[in-house]
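Structure, as structure tokens:
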Amino acid sequence: MTKKLTSPHVIKQIMDEHNLRFIKSLGQNFLIDENTLNKIINEANLVKTDRVLEIGAGLGTVTLQIAKKAAKIVAVEIDRHLIPALKSNVSHCGNVKIIHSDILKMDLKNLVKEEFPEGFKVVANLPYYITTPVIMKLLEEKLDISLMVYLVQKEVADRIMAFPGNKNYGALSVAVNYYAKPEIVSLVPKTVFMPRPKVDSAIVKLKVRETPPVSVIDETLFFKVVKFSFIYRRKTLRNALLRGLPELEREKVSEVFKNADIDENRRGETLNIEEFAKLCNCIKTCLTNKL
Ligand code: SAM
């Protein structure tokens, strides 16, 4: 029989039965609210042919609901102590594969080849300590993902959604927008978790783009330029680039900015994604011509 895993009483019972404790350092804040769970599942817009990767399955609260609607789910969980309880909670579904692993160490290209050759969606109540690296890994590997629905700290959701000039605007905002169209679909109070975290959360939906919104000659260079522009966000762009890109000759810097039609005294945090792309393409042309 399916257990009501959003019930704190049931969670406590399972934890006691399996002699488990919440491991704070693994971001173990389990979902105990049916309404939030339904929102996550609805936003994933699951149909019977969907294949889904879930990150951080915990006791299987989200896993069970995905399993009801999708064709297949691969649920990754790092904590080996949770695996027996997770298996016993979801084994009756018949379409859940549990992988005991660290998502950040997994060879995702290989996983996709074996489990999701026709593409997939990602759904997760993410462990807070690795939210950004997980989101970036899944985007940067350019896997065949159509949609991602994540429960994340509100602060991360704000950074993803931020525009130039906003205090939350940073490398994450530019990178996520390069790969996907992000949307905050709901704000979520800390009371929906057990144990309760210190901060509020949000459900974010990322619709993965087929092509980036800007044309970039060299993606590695683009992300390097973005990174350094924000690492040295108190400096002018000119000084940030001189620090971050030693391969760019000092005498050429003004010319690069002139070609990109961008004031070299601006700060990186004022540039939108189009301007970053333009600047980066001019840097690339300058570096290539030097060779
Ligand atoms: N999905 C469950 C829920 O909603 O109740 C649990 C979510 S809890 C916020 C995050 C889960 O991710 C925990 O079960 C934790 O053990 C797991 N986790 C933490 N780090 C992980 C990693 N690097 N790879 C895979 N799972 C991880």
TODO: Any chance you could check the Cα centroid distance between segment 125-173 and segment 206-275 for me, in angstrom?
DONE: 20 Å
Open item on the list: Using the crude model of +1 on Lys and Arg Cβ and -1 on Asp and Glu Cβ, and no other charge, please compute the dipole size for the chain relative to its Cα centre, in debye to 20.
Closed with: 500 debye
TODO: Straight distance only, please: which aspartates and glutamates reach the Cα of LYS4 with their own Cα at less than 17 Å, same-chain residues fewer than 8 apart left out?
DONE: ASP16, GLU17, ASP33, GLU34
Open item on the list: Per 0.36 nm of contour for each residue apart, how much would the distance between LYS137 and ILE231 grow if the chain were fully extended, relative to their Cα-Cα spacing?
Closed with: 31.9 nm
Task: Under 20 Å from the ASP102 label point (7 Å along Cα→beta-carbon), backbone N, segment 114-142 - done: 125-141
Open item on the list: Which of PHE163, PHE30, PHE22 ends up with the largest GNM mean-square fluctuation for the chain, with Cα atoms connected below 10 Å?
Closed with: PHE22
- [ ] Take each complete run of DSSP H in the chain, measure how far its Cα atoms stretch along the helix's own axis, and keep only those covering 20 Å or more with mean Kyte-Doolittle hydropathy at least 0.0; list them.
- [x] 273-290
TODO: Would you mind ranking VAL176, VAL90 so that the residue whose beta carbon has the fewest other beta carbons within 10 Å leads the list?
DONE: VAL176, VAL90
Task: Förster radius 35 Å - calculated FRET efficiency between LYS181 and SER88, Cβ distance, rounded to 0.05 - done: 0.35
TODO: Compute the Kirkwood hydrodynamic radius of segment 219-290, taking the inverse of the mean of 1/r over all pairs of distinct Cα atoms, and give it in Å to one decimal.
DONE: 11.7 Å
Task: Pairwise FRET efficiency - SER146 versus ARG196, Cβ, R0 = 45 Å, nearest 0.05 - done: 0.85
Task: Which listed pairs, of LYS137/LYS252; LYS105/LYS137; LYS205/LYS227; LYS68/LYS97, have C-alpha distances above 22 Å, in listed order - done: LYS137/LYS252; LYS205/LYS227
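Each reported figure results from applying straightforward, stated rules to the coordinates on display, with no laboratory input. Keep in mind that what you see is a predicted model, and the values were worked out from it rather than measured. In this analysis, Cβ positions are derived from the backbone assuming ideal geometry, glycine residues included, and neighbour counts consider all displayed protein chains.
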